[in-house]
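A.B. asks: Can you keep this structure in mind? I'll have questions shortly.
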Amino acid sequence: DAGITQSPRHKVTETGTPVTLRCHQTENHRYMYWYRQDPGHGLRLIHYSYGVKDTDKGEVSDGYSVSRSKTEDFLLTLESATSSQTSVYFCAISPGVRETQYFGPGTRLLVL
Amino acid sequence: GIQVEQSPPDLILQEGANSTLRCNFSDSVNNLQWFHQNPWGQLINLFYIPSGTKQNGRLSATTVATERYSLLYISSSQTTDSGVYFCAVITGGGNKLTFGTGTQLKVEL
C-alpha cells in the first residue's frame, strides 16, 4: 500500500471555526489531491497539487484553500467551517497526471 | 462532463458465488480505476485498467475502451469482499477522477 497518512482521522468542530487537515506521503509522488465523499454525490475533487507551491481548483473548491510547502505534505484548510462541509475527506497521490491514484484512510469531519 | 454509471446498484451473494460488476462511461478515457471501499471506509485500489484485461487472484477486470465499458469479475466470493465497488475515470487532458455511482456488495455465509 502507498504510504499516505491523514490527520486528524476524526474531528468535531463548530460552525465558523478554522480547520486544517493534513495529508502526508512517503512515496515522493508529484501529484496530490483532496476529495470529499458525501452520500448521493460520490467522491468529488476539491483541490489538487502538481508540485511544491503549485495548486489548482477542483469542482467543489469554494470555502477551501490548500497549501503545499513540501513534496510530502498537502494541507486542506476550511477558513470558516460550515455545516455543509461535514463530510469524509480523502487525500490521494499519484506519480503523474492520469496515472494510478492511491487514497489515504480518510478524515471524518463533523461541523456542528 | 463525463457520466459514469455502474450496475447493479446492489448485489447480495452467497459465499463462493461469482459475480460481474459493470461500469459504463460516456466519453473516451485516459485512466480507469476500480476501487473497493470496505465497511470501514477505506478505499482500496483494485486495478488501473484504461484498456485490456488484468487479473489479481480471485479478481479480474476487462476494459473495452472503444465500447466505453469495463467489467470487474469476482470469483469464489468471500465475506471480506463485502463493501462498495467504484469505478473511476479520467477523461481528456484532466487529472480529476470522476467516480461512478458504486455497486454495494454483500456476501453472506
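A.B. asks: May I ask you to list the residues in segment A:54-97 that are within 14 Å of chain B (Cβ to nearest Cβ), more than 25 Å from A:Gly40 (Cα to Cα) and not in a strand (DSSP E or B)?
C.D. replies: A:Pro95, A:Gly96, A:Val97 - these are the residues of segment A:54-97 that are within 14 Å of chain B (Cβ to nearest Cβ), more than 25 Å from A:Gly40 (Cα to Cα) and not in a strand (DSSP E or B).
A.B. asks: Continuing with this model, one more query. If the Cβ limit is 6 Å and pairs must be 6+ apart or interchain, which residue in segment B:28-42 that is at the interface with chain A (Cβ under 7 Å from one of its Cβ atoms) pairs with which residue that is charged (D, E, K, R) and in a loop (DSSP other than H, G, I, E, B)?
C.D. replies: Filtered contacts from segment B:28-42: B:Asn30/A:Arg98; B:Asn31/A:Arg98.
A.B. asks: Separate question: Going by what's in this entry, would B:Thr66 be described as in contact with a strand residue (DSSP E or B) (Cβ under 8 Å, 6 or more places away or on another chain) and not hydrophobic (A, V, I, L, M, F, W, C)?
C.D. replies: No.
A.B. asks: Condition test on B:Tyr85, is it surrounded by fewer than 16 Cβ atoms within 10 Å (Cβ to Cβ), in a strand (DSSP E or B) and either away from chain A (no Cβ under 13 Å) or not charged (D, E, K, R) (or both)?
C.D. replies: For B:Tyr85, the condition - surrounded by fewer than 16 Cβ atoms within 10 Å (Cβ to Cβ), in a strand (DSSP E or B) and either away from chain A (no Cβ under 13 Å) or not charged (D, E, K, R) (or both) - is not met.
A.B. asks: So in segment B:88-109, with the set limited to residues that are under 11 Å from the mean Cα position of the chain (by Cα) and part of a loop (DSSP other than H, G, I, E, B), which one is modelled with the lowest pLDDT?
C.D. replies: B:Thr101
A.B. asks: Hey, any hits in segment B:73-80 for a residue that's more than 14 Å from chain A (Cβ to nearest Cβ), part of a strand (DSSP E or B) and touching a Lys or Arg at 6+ places or on another chain (Cβ under 9 Å)?
C.D. replies: Yes: segment B:73-80 contains one or more residues that are more than 14 Å from chain A (Cβ to nearest Cβ), part of a strand (DSSP E or B) and touching a Lys or Arg at 6+ places or on another chain (Cβ under 9 Å).
A.B. asks: Let me ask you something else. Considering only residues that are among the hydrophobic types (A, V, I, L, M, F, W, C) and assigned to a strand (DSSP E or B), look in segment B:49-70 and name the one that is nearest to the other protein chains (Cβ to nearest Cβ).
C.D. replies: Filtering first and then ranking leaves B:Ala61.
A.B. asks: Looking at (1) of a type in the set (A, V, I, L, M, F, W, C); (2) part of a loop (DSSP other than H, G, I, E, B); (3) surrounded by 13 or more Cβ atoms within 10 Å (Cβ to Cβ); (4) free of Cβ contacts under 8 Å to residues at least 40 places away in the same chain, can you tell me which one B:Leu46 breaks?
C.D. replies: Of everything listed in (1) of a type in the set (A, V, I, L, M, F, W, C); (2) part of a loop (DSSP other than H, G, I, E, B); (3) surrounded by 13 or more Cβ atoms within 10 Å (Cβ to Cβ); (4) free of Cβ contacts under 8 Å to residues at least 40 places away in the same chain, B:Leu46 misses just condition (2).
The values are calculated or read from the model by the stated rules, or taken from the named source; none is laboratory data. Predicted, not measured: the structure shown is a model, and the values here were computed from it. Cβ coordinates were reconstructed from backbone atoms using ideal geometry, including for glycine residues, and neighbour counts include every protein chain displayed.
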